[in-house]
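Trainee: Got a structure for you, questions after.
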Amino acid sequence: MKGLWFTELQTPTIALSCRVKQTLHWEKTPYQELAILDTEPFGRILTLDGVIQTTVADEFVYHEMITWVALNTHPEPRRVLIIGGGDGGALREVVKHPAVELATLVEIDRRVVEVCRQYLPEIASAFAHPKARILFEDGVAHVRGQVAAYDLIIVDSTDPVGPAEGLFTAAFYGDVYRALRPDGIFVAQTESPFFNQELLRRIYLDVSALFPVSKVYLAPVPTYPGGLWSFTLGSKRHDPAAVKPTLPPGVSTRYYNPDVHRAALVLPNFVRELLKP
Ligand code: AG3
């Protein structure tokens, strides 16, 4: 194990380590410890409080899946809100959709955006896009003040500890419901189906209690705990499993396609079991 290594403690008993070529940035922001590392296996990575948020190697899976399933379920996603997502990966995908008129990103920590724009240009590529509006404020407070304002609300948060805690509560989901238009859709990253089972179950049941349509779907993200990641979607009208998803002409993706859309919603037995009322 020669050289410099980064280790994330993924659970109290599991660690992921990778070799670091160079530390490109490190600082303590008012909210968290922020680092950009150039790593041997994953290229550049963003870590917050020692937790891998995104890597150049696998970010496309996560960012395409947190956006396109909902974008392609809503017939006309004009106004989209992204909460968190300070690296810009979800924003990059959302502005690709021709129906999107305004993509609002609400990030609590402006340093995440500034540092990602500097070191992760292929991820943070849409901050200056004409459809993008960037607000540096608390996502919970922003949503609380909105009524029927958005077609899509995407919660691209960190783990449910520290600044993101409030984004995993039933009270917040109630505010999200009110902030959505009558056929709006909510989607959030909801952690590992292996290591965060109670959390995933609780979120799914909370979302199911509010929205007539609720779904969990999965995608592989090699640098996240367990390698398999969950997303939970709540919809007022449109069912992601019932639509015929098509990518708008000219949009190119590396992971998502209409078959992947359908397949991601098909759950293995242990996840089905977990989500039973
Ligand atoms: N999404 C981060 C998901 C949580 C990762 N958790 C972990 N590695 N323990 C936010 C950043 C992506 N835009």
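Trainee: Are there any pairs with C-beta distances below 7 angstrom linking a residue in the stretch 93-106 that is in the same structural domain as Val251 (by TED's automatic domain parsing) to a residue that is charged (D, E, K, R) and crowded, with 21+ Cβ neighbours inside 10 Å, with the two at least 6 apart or on different chains, and if so which?
Mentor: Filtered contacts from the stretch 93-106: Glu93/Glu64.
Trainee: So which pairs qualify, if the first residue must be in the stretch 221-233 and in a strand (DSSP E or B), the second must be of a type in the set (Lys, Arg) and more than 7 Å from the ligand (Cβ to nearest atom), the Cβ gap must be under 6 Å, and the two must be at least 6 apart or on different chains?
Mentor: From residues that are in a strand (DSSP E or B), the pairs are Leu233/Lys215.
Trainee: Pick from Tyr255, Tyr217, Tyr224: which is open to solvent by 60 Å² or more (accessible area, probe 1.4 Å) and at negative phi?
Mentor: Only one candidate qualifies: Tyr255.
Trainee: Which one of the conditions (1) surrounded by fewer than 16 Cβ atoms within 10 Å (Cβ to Cβ); (2) farther than 12 Å from Thr223 by Cβ; (3) touching a Lys or Arg at 6+ places or on another chain (Cβ under 9 Å) does Ile14 fail to meet, given that it meets all the rest?
Mentor: Failed condition: (3).
Trainee: While we're here: Please determine, by comparing only the residues of the stretch 192-206 that are touching a helix residue (DSSP H, G or I) at 6+ places or on another chain (Cβ under 6 Å) and either free of Cβ contacts under 8 Å to residues at least 60 places away in the same chain or closer than 17 Å to Ile66 by Cβ (or both), which one is nearest to the ligand (Cβ to nearest atom). Give the derivation first.
Mentor: Just the residues of the stretch 192-206 that are touching a helix residue (DSSP H, G or I) at 6+ places or on another chain (Cβ under 6 Å), to begin with: 193, 197, 201, 204, 206.
Still in the running and either free of Cβ contacts under 8 Å to residues at least 60 places away in the same chain or closer than 17 Å to Ile66 by Cβ (or both): 193, 204, 206.
Working: Pro193: 13, Tyr204: 17, Asp206: 19 Å.
Here the answer is Pro193.
Trainee: While we're on this one: I need the full set of residues from the stretch 72-115 which are hydrophobic (A, V, I, L, M, F, W, C), farther than 18 Å from Ser157 by Cα and touching a His at 6+ places or on another chain (Cβ under 7 Å), in order please.
Mentor: Of everything in the stretch 72-115, just one residue is hydrophobic (A, V, I, L, M, F, W, C), farther than 18 Å from Ser157 by Cα and touching a His at 6+ places or on another chain (Cβ under 7 Å), namely Val95.
Trainee: Can you name the residue in the stretch 261-277 that is without any contact (Cβ under 8 Å) to a residue 24 or more places away in the chain and assigned to a helix (DSSP H, G or I) and is also most open to solvent (accessible area, probe 1.4 Å) among such residues?
Mentor: Checked the stretch 261-277; the qualifying residue most open to solvent (accessible area, probe 1.4 Å) is Arg272.
Trainee: What are the residues in the stretch 96-123 that are of a type outside the set (Val, Ile, Thr) and either modelled with pLDDT under 95 or under 21 Å from Val69 (Cα atoms) (or both), if any?
Mentor: Scanning the stretch 96-123 gives Lys96, His97, Pro98, Ala99, Glu101, Leu102, Ala103, Leu105.
Trainee: Of the numbered conditions (1) within 13 Å of the ligand (Cβ to nearest atom); (2) aliphatic (A, V, I, L, M); (3) more than 18 Å from Val115 (Cα to Cα), Val20 fails exactly one; give the number of that condition.
Mentor: For Val20, the failing item is (1).
Trainee: Still on this structure: Answer with yes or no whether Pro30 is open to solvent by 20 Å² or more (accessible area, probe 1.4 Å), modelled with pLDDT of 95 or more and within 30 Å of Glu101 (Cα to Cα).
Mentor: For Pro30, the condition - open to solvent by 20 Å² or more (accessible area, probe 1.4 Å), modelled with pLDDT of 95 or more and within 30 Å of Glu101 (Cα to Cα) - is not met.
Trainee: Here is a further query. In the stretch 44-71, which residues are part of a loop (DSSP other than H, G, I, E, B) and either under 17 Å from Gln189 (Cα atoms) or among the small types (Gly, Ala, Ser) (or both)?
Mentor: Gly50, Ala57, Asp58
Trainee: For Phe60, all conditions in the list (1) out of contact with any helix residue (DSSP H, G or I) (no Cβ under 7 Å at 6 or more places or on another chain); (2) crowded, with 24+ Cβ neighbours inside 10 Å; (3) among the hydrophobic types (A, V, I, L, M, F, W, C) hold save one; what is the number of the exception?
Mentor: Condition (2) is where Phe60 drops out.
Trainee: Now for a separate question. I'd like the residue in the stretch 149-162 that is part of a loop (DSSP other than H, G, I, E, B) and open to solvent by less than 50 Å² (accessible area, probe 1.4 Å) and, out of all such residues, is farthest from the ligand (Cβ to nearest atom).
Mentor: Within the stretch 149-162, the match that is farthest from the ligand (Cβ to nearest atom) is Ala149.
Trainee: Inspect all residues belonging to the stretch 123-134 and state whether any of them is open to solvent by 50 Å² or more (accessible area, probe 1.4 Å), in the same structural domain as Val251 (by TED's automatic domain parsing) and within 23 Å of Pro30 (Cα to Cα).
Mentor: Yes, the stretch 123-134 contains a residue that is open to solvent by 50 Å² or more (accessible area, probe 1.4 Å), in the same structural domain as Val251 (by TED's automatic domain parsing) and within 23 Å of Pro30 (Cα to Cα).
Trainee: Confirm whether Arg92 is part of a helix (DSSP H, G or I), within 14 Å of the ligand (Cβ to nearest atom), within 25 Å of Ile36 (Cα to Cα) and open to solvent by 10 Å² or more (accessible area, probe 1.4 Å). Before the answer, list the steps.
Mentor: Working: part of a helix (DSSP H, G or I): yes; within 14 Å of the ligand (Cβ to nearest atom): yes; within 25 Å of Ile36 (Cα to Cα): yes; open to solvent by 10 Å² or more (accessible area, probe 1.4 Å): yes.
Considered against the rule, which asks whether it is part of a helix (DSSP H, G or I), within 14 Å of the ligand (Cβ to nearest atom), within 25 Å of Ile36 (Cα to Cα) and open to solvent by 10 Å² or more (accessible area, probe 1.4 Å), Arg92 comes out as yes.
Trainee: Failed condition for Glu165, given (1) open to solvent by 30 Å² or more (accessible area, probe 1.4 Å); (2) more than 16 Å from the ligand (Cβ to nearest atom), with all others met?
Mentor: (2)
The values are calculated or read from the model by the stated rules, or taken from the named source; none is laboratory data. All figures in this text were calculated on a predicted structure; none of them were measured in a lab. Virtual Cβ from ideal backbone geometry, glycine too; neighbours counted across all protein chains shown. All accessible areas refer to the heavy atoms of the entire protein, side chains included, with ligands and DNA or RNA removed. Shrake-Rupley method; radii C 1.70, N 1.55, O 1.52, S 1.80 Å.
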